[in-house]
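The values are calculated or read from the model by the stated rules, or taken from the named source; none is laboratory data. Since we're looking at a predicted model, the values are computed, not measured. Here the Cβ is made from the backbone with ideal geometry for all residues, glycine too, and neighbour counts use every protein chain on show. The area values use the complete protein model at the heavy-atom level, side chains included, leaving out ligands, DNA and RNA. Shrake-Rupley method; radii C 1.70, N 1.55, O 1.52, S 1.80 Å.
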Amino acid sequence: MHKFSIRVFGCQMNSYDGDRLRTAMLRYGWAETDDTEADVVILVTCSIRAKAEQKVTSEIGRYDLSYRHKKKPYVVLVGCMAQRIGREISRKFQCVRVVSGPRHLGLVPQAVTEISQGMSQRYFMDDDPRALIDLNVVPSARLNPFKAYLTISYGCDRFCSYCIVPYVRGRLQSRAAEEILAEAKALTDGGVKEITLLGQNVDAYGKDFSNGYSFASLLKDVSRQENLLRLRFATSHPKDFDDNILEVMQENKNICRAINLPIQSGNDRVLREMNRGYTAEQYLALVTKIKEALPDVSLTTDLIVGFPGETDEEFRDSYNLLKEVRFDIVHTAAYSPREGTRAAMMDNQIDNRIKAMRLNEINALQSQIAREANERYVGCEFDILADGAAPRGEGKIQGRTMSDKVVIVDGTENDFGNVFRVRITRASHWSLEGERI
Ligand code: SF4
């Protein structure tokens with residue numbers, strides 16, 4: 001029996017694609033193993049920053065060395081990096097035999113089988129940014145039996161000037177609502193308790209439909225799925241997050257009170273250069289509205305420091321905005337020029353040492369804010385859905401509150417998939433500790 005291994009790099013949408021590819025390969029009669037034993041290694045790749053691509057390239061180099069001696073494993077390269085530089089990589093490394101963009105995954109399992117029967121290299125590139133040959137497989141073979149991702153749309157039409165996504169994942173294409181609802185039903189019938197709806201910009205879901213069916217409509221319909229304890233979604237866009245979404249969240253108690261709303265910068269000139277489509281003031285007004293509508297909401301964001309031309313004063317605006325909003329978590333990154341994007345061609349690229357200094361300053365601030373935010377939960381009681389072993393500590397498991405706080409408690413794997421009540425006893429900037437009630 002042929003053996004495969006899957007390695008996922010990057011975002012949750014890649015995890016979803018990895019789960020679907022795993023499910024499909026098992027249906028083709030392959031066995032999953034680790035990459036030292038595998039005949040084929042499938043790499044689900046990311047292009048969001050140069051580092052992500054460098055990491056995968058060095059892994060391919062390692063496999064290529066083995067391939068030259070033992071004629072295995074051969075490599076299947078899918079995802080954003082495959083779309084961006086897959087052809088080039090396959091010319092450099094003999095072991096790379098299948099290359100597929102994120103919108104042609106439907107062709108990959110068959111191609112993997114054909115390659116194992118001696119077929120030569122196969123390329124499935126997303127040259128047409130609207131083409132889609134999807135993998136119509138419900139991801140039943142997942143790493144976590146109680147939680148599942150569910151991608152609701154592909155691509156993005158926003159073209160933020162620093163972002164490679166529209167060039168490697170194509171134009172916005174919303175999946176049919178019936179398809180998504182059927183998948184949600186299959187997942188909950190299979191024991192899934194928590195679903196996370198995914199999209200580059202979930203709030204834009206349905207904007208390519210003519211029937212007015214929107215993300216708010218979909219959120220409501222999925223939340224009504226029987227036996228679905230928790231529904232999450234990521235990632236939002238301040239320009240497309242609307243009152244209907246808020247209303248649906250207020251009305252449906254199983255929709256988690258956690259919103260990731262990327263701000264990217266606190267300065268209006270930089271936001272304009274980023275082509276984000278809103279000002280800092282408009283963003284703050286939206287935050288106020290969200291916190292009024294959902295007082296127990298946890299708000300997280302993404303922030304880039306060192307965007308081309310960013311002055312110390314402009315960086316200070318981002319710093320002060322974090323102090324004002326006090327996000328639960330900020331995913332920070334130093335600007336990484338992506339070939340082919342408008343920002344990469346801008347003048348005034350910032351020196352890496354300045355980027356590093358700004359990143360350290362922001363991370364230090366946010367670590368303090370996150371700790372203080374979490375400390376206010378000590379003594380409070382919450383229902384958590386236990387979903388796995390704790391990263392550290394014998395006899396410790398972890399679960400999440402409705403507002404996406406990680407709580408570490410005593411427990412065993414028999415508790416996984418169950419909801420139980422805890423009282424918070426300790427807080428750190430990343431997680432909480434609790435005792436069962
Ligand atoms: S909305 Fe997100 S995915 Fe789309 S272009 Fe902007 S940063 Fe990229």
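Considering all C-alpha pairs of the range 104-230, those separated by over 26 Å amount to 32%. Once you order the gyration tensor axes a ≥ b ≥ c over the Cα atoms, which shape class does the range 1-61 get: rounded for a/c under 1.5, otherwise prolate or oblate by comparing a/b with b/c? Verdict is oblate for the range 1-61. Go ahead and set up a Gaussian network model of the chain, Cα springs under 10 Å, then flag whichever of Ala364, Ala389, Ala24 fluctuates most. Ranking Ala364, Ala389, Ala24 by mean-square fluctuation puts Ala364 first. Our coupling estimate for the range 367-383, obtained by passing each phi through the Karplus curve with A = 6.51, B = -1.76, C = 1.60 and θ = phi - 60°, is 5, 5, 4, 5, 5, 4, 4, 6, 5, 6, 8, 4, x, 7, 10, 9, 8 Hz, Gly and Pro reported as x.
Averaging the sequence gap over all C-alpha pairs within less than 8 Å and six or more residues apart, then dividing by the number of residues, gives the chain a relative contact order of 10 percent. Per residue, the accessible area of the range 112-255 comes to 41 Å², computed with a 1.4 Å probe over protein heavy atoms only. Straight-line cross-link partners of Lys289 among the lysines, defined as a Cα under 27 Å from its Cα and at least 8 positions apart when in the same chain: Lys207, Lys220, Lys239, Lys253, Lys323, Lys405.
Isolated cysteines of the chain, defined as having no other cysteine beta carbon under 4.7 Å away, are Cys11, Cys46, Cys80, Cys95, Cys156, Cys256, Cys380. The lysines whose alpha-carbon is closer than 17 Å to the alpha-carbon of Lys72, local same-chain residues fewer than 8 away aside, are Lys3, Lys92.
Around the Cα centre of the range 265-374, unit charges on the Cβ atoms of Lys, Arg, Asp and Glu (plus for the first two, minus for the last two) sum to a dipole of about 180 debye. From the largest down, the chain spans 61, 56, 50 angstrom on the principal axes of its Cα atoms.
Counting protein heavy atoms only, the chain has 48 percent of its accessible area on carbon and sulfur, 1.4 angstrom probe.
Roughly what % of Cα-Cα distances in the range 209-306 sit above 21 Å, to the whole percent?
Result: 38 percent of Cα pairs exceed 21 Å.
Rounded to the nearest 20 debye, the dipole size of the chain about its Cα centre is 1120 debye, using +1 on the Cβ of Lys and Arg and -1 on the Cβ of Asp and Glu.
Between amide H atoms placed 1.01 Å from N, distances below 5 Å from Thr151 occur with Leu198, all of them 5 or more places distant or on a separate chain. Derived scalar couplings between HN and Hα for the range 157-165 equal 9, 7, 6, 4, 5, 9, 9, 8, 3 Hz in order, rounded to whole Hz, by the Karplus curve 6.51 cos²θ - 1.76 cosθ + 1.60 (θ = phi - 60°), x for Gly and Pro.
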